[in-house]
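Enquirer: Please find one structure pasted underneath; my questions will follow.
Please treat every number below as a calculation from the coordinates, not as lab data. Everything numeric here is computed off the predicted structure, so don't read it as measured data. Note: ideal-geometry Cβ built from the backbone for every residue, glycine included; neighbour counts use all protein chains shown.
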Ligand SMILES: *[C@@H]1O[C@H](CO)[C@@H](O)[C@H](O)[C@H]1NC(C)=O
Ligand SMILES: *[C@@H]1O[C@H](CO)[C@@H](O)[C@H](O)[C@H]1NC(C)=O
Ligand SMILES: *[C@@H]1O[C@H](CO)[C@@H](O)[C@H](O)[C@H]1NC(C)=O
């Protein structure tokens, strides 16, 4: 052990610099009874940040794992928020404690939209994989997957009080789904291009769609008479389903009418013209659909009000009066003027809001007194909020808040650590910020030119930036002011390096020169105070653009990387050529020299890193380091370990002596541009095109390389395993409706656990059997066999109880898929066990759910198995009686609750419970429905 080198693990410590990621929407949330409109939730890469917009502070972080957040949707009661991710997963977080206990896995790619139903009992999710899935939030399971769209789902809305769903997609169609039968009964083909957004207005009687042009189309929805007999068996539906599919195959555009109309009729009511000419980027209404807003890929938000029925009637009668008067004036016995009600009488333009950058997402909230709050997530990492009075004649939106402090507007191209390890500098296209490393608070924000390289001047009181226009900018941190801008080069100033004696710097530029500068204190003519400046002392002329410069720590040599793919090394004192490092096929973008001036490491756009000896310029090793350009590299101070950052989103640690890859830091979602390691080596900060800055920390945990590689292989294997499609249910065709779940590593593991439990049960049963046999043979009671230690560990449970416990521990949302991947040979055993559970009245609901699912998927095999006949027969009677019992209890309870409700209402003479009990009833109804299903199947 003593001889092996110990590597310490670096671990992710914080994400900062992001105010809101572009991928996911912005939404208002309520926190702990806080006032409405004060908090907004936005994605911040894989996390969700909740901002207090009034104070401009981050108040909560909902921790993600690996994948970026792609959609956010708060529950109607405001207690939860559903978060959709790029890998198709959905997690539901509590806004009370920021934790997530529920996750749904069903989509194969990013969640593109989510909505709750009015009660918050179901969640619909649409995805880039073109599927729509409805989830039961209360039972934490998937209900069904709806297939039919052919492109990204852009919106999915439940209709209030109807078991219907309407979805839109980039495939240009709007589809209506009957959730009773899970099929699409209507496809609207009126849009010739992508449907980018939809809102439901007038209590779900009007649909407004936004598309690739400036026209918002309004559709009136008329619900046809409900099916005459409610109890009528819905056998017919299967046929309709086929009919619909036929229709889709030979699509007849505009021939919508010929299709037999069912459930509802949809007629175009008119259109609203937006001012913007481009596509709708987002179309959003407030929760009661009184106001909606719409914007394209620009900075203007257009807001509209939807008038209520009374308002429209009032307006119409006013108009009519006016017209009558006018008519009477013009002619004595004029005929009664007729006023036709137009769309523009019902939907009125409110105002426009001009934001300070292109808008990516919006949300709005209508508060008491007609105050409208609008939150905008802009395309330059900024959140702005506005407020306006909708009751005003000409409402004007006032900017209430702007969140900009915690991040840069454009990508950070350079980072630096202060010499005391406590402050971090980040600079982008227009600002430079200095952060407190421990709190990650911004200490200073200063305007600058487009920065490419930077450093702290020794003493940490000033910073120097090199810019794209070839300038050096010197800032003083105490005052936060720009001291001086030096016209240093005629081309981009790519690189900057502090001299080892700390008396000056060297700069390298695209103007083919390397310049040496000395620090000087100069009397400021204005204030008569001394301030820092730099004096140009020497110039090294080269044949090619200079990309990177570095002194050797002993100050003897200077390494210069050139556009011709070579690195040339010069003597610092004489500027004489020493040696050239050939070998890279593309330019070297970054290089560093070890603390003992023994090694030089170069990273190139050719994806390789080369390790060279600085004595002779011999290449020790070439490593294929990244899958894309190596953008940055740096030695960990006082070691021969170094980190590289790649355009492939990864950061890797290497050993320059053993040529070993030690560790990969994954987290960034886009290209990593740069990186800085603190002088004590304990921290690393990195910046990326995903707008995030990430802090990584050296832990005390040692890395064993073999284990690290083993873990990487395992992760790869698991990822591959989970990618396989779920087995298809026999007898089920790939139709419109499909099971909601998806095979994941969790479901595979759950199935494995069930198998293990069943095997343990078998083993124990066999032991008991043998024991009984032995007792009979011996004619006396023998000591019972030792129970399996697992059973003892779980509190001396019986083997059969243990199996049930294992099933109970499977996440509700993963139960079906876990059973689906369970091989059939385990099923007969399981059915027998189910029978005993039901007899004992154990977990009847859960057992029924598993039982019916297994019966459905293994129908053929079960029915053809003679051995199972008696089991099934017993199950039939037992299940029936148990379920009847439960139903009676539930009926009794529900009656008692209703009774209580009446009691209280008559006492208080109010109906404030109506809401809560309504919800309860809904839950009950669902349960009862399930039981009804139980009965018909049994
Ligand atoms: C907006 O336009 C820019 C280019 O003008 C484009 O890169 C970007 O993807 C567009 N964004 C959206 C949401 O369409
Ligand atoms: C980006 O954001 C800043 C700060 O909110 C704003 O001043 C600027 O004009 C914005 N727009 C662009 C295009 O950079
Ligand atoms: C950073 O914040 C900590 C805690 O508030 C404070 O003690 C420290 O002085 C700050 N450091 C700098 C460099 O501002």
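Enquirer: Could you tell me, in Å, what Rg and Dmax come out for the Cα atoms of the chain?
Expert: Answer for the chain, Rg first and Dmax second: 34.5, 121 Å.
Enquirer: Related question: Can you work out the base-10 log of I(q)/I(0) for segment 132-229 at q = 0.18 1/Å, using the Debye formula on its C-alpha atoms alone?
Expert: -0.87
Enquirer: Can you give the translational diffusion coefficient of segment 753-902 in µm²/s, computed by Stokes-Einstein from the Kirkwood radius over Cα pairs at 10 °C and 1.306 mPa s?
Expert: Diffusion coefficient, whole number: 90 µm²/s.
Enquirer: Report, to the nearest 10°, how far helix 745-778 tilts away from the longest principal axis of the Cα atoms in the chain, using its own Cα long axis and a range of 0 to 90°.
Expert: Helix 745-778 sits at roughly 60 degrees to that axis.
Enquirer: Exposure proxy check: 338, 442, 803, 588 ranked by fewest other beta carbons within 10 Å?
Expert: With the sparsest Cβ surroundings first, the list reads 338, 442, 803, 588.
Enquirer: Using Cα pairs closer than 8 Å and at least 6 residues apart in sequence, work out the relative contact order for the chain, in percent.
Expert: Once normalised by length, the contact order is 8 percent.
Enquirer: Helix 914-937 sits at what angle to the longest principal axis of the chain, using alpha carbons and giving 0 to 90 degrees rounded to 10?
Expert: 70 degrees
Enquirer: Please work out the C-alpha center-to-center distance from segment 131-152 to segment 410-469 and express it in whole Å.
Expert: Going from one Cα centre to the other spans 47 Å.
Enquirer: Sticking with this structure for a sec: Defining a contact as two alpha carbons under 8 Å apart and six or more residues distant in sequence, what relative contact order in percent does segment 549-680 show?
Expert: 15 percent
Enquirer: Dividing the Cα convex hull volume of segment 329-443 by residue count, how many Å³ per residue is that?
Expert: Hull volume normalised by residue count: 161 Å³.
Enquirer: If we count other beta carbons within 10 Å of each Cβ, what is the order of 699, 879, 404, fewest first?
Expert: 699, 404, 879
Enquirer: Could you tell me how many degrees, from 0 to 90 and to the nearest 10, lie between the Cα long axis of helix 827-840 and the main elongation axis, the longest principal axis, of the Cα atoms of the chain?
Expert: Orientation of helix 827-840: about 60 degrees from the principal axis.
Enquirer: Still on this structure, please answer the following. If each DSSP helix of 4+ residues adds -39,500 (n - 2.57) and the sum is divided by the residues in the chain, what number results at 222 nm, nearest 500 deg cm²/dmol?
Expert: -7500 deg cm²/dmol
Enquirer: Between residue 884 and residue 793, what length in nm is gained on full extension when 0.36 nm per residue of separation is reduced by their alpha carbon distance?
Expert: Gain on stretching residue 884 to residue 793: 29.2 nm.
Enquirer: For residue 908 and residue 775, compute 0.36 nm times the residue count separating them, minus their Cα-Cα distance, and round to one decimal in nm.
Expert: 40.9 nm
Enquirer: Further question on the same structure: Which of rounded, prolate or oblate describes segment 279-336 when judged by the alpha-carbon gyration tensor and an a/c cut-off of 1.5?
Expert: Here segment 279-336 falls in the prolate category.
Enquirer: Sort 772, 23 by Cβ crowding within 10 Å, fewest neighbours at the top.
Expert: Fewest-to-most ranking of 772, 23: 772, 23.
Enquirer: Once you order the gyration tensor axes a ≥ b ≥ c over the Cα atoms, which shape class does segment 1-146 get: rounded for a/c under 1.5, otherwise prolate or oblate by comparing a/b with b/c?
Expert: In terms of gyration-tensor shape, oblate.
Enquirer: Would segment 578-651 count as rounded, prolate or oblate if I go by the C-alpha gyration tensor, calling it rounded below 1.5 in a/c and otherwise prolate when a/b exceeds b/c, oblate otherwise?
Expert: Here segment 578-651 falls in the oblate category.
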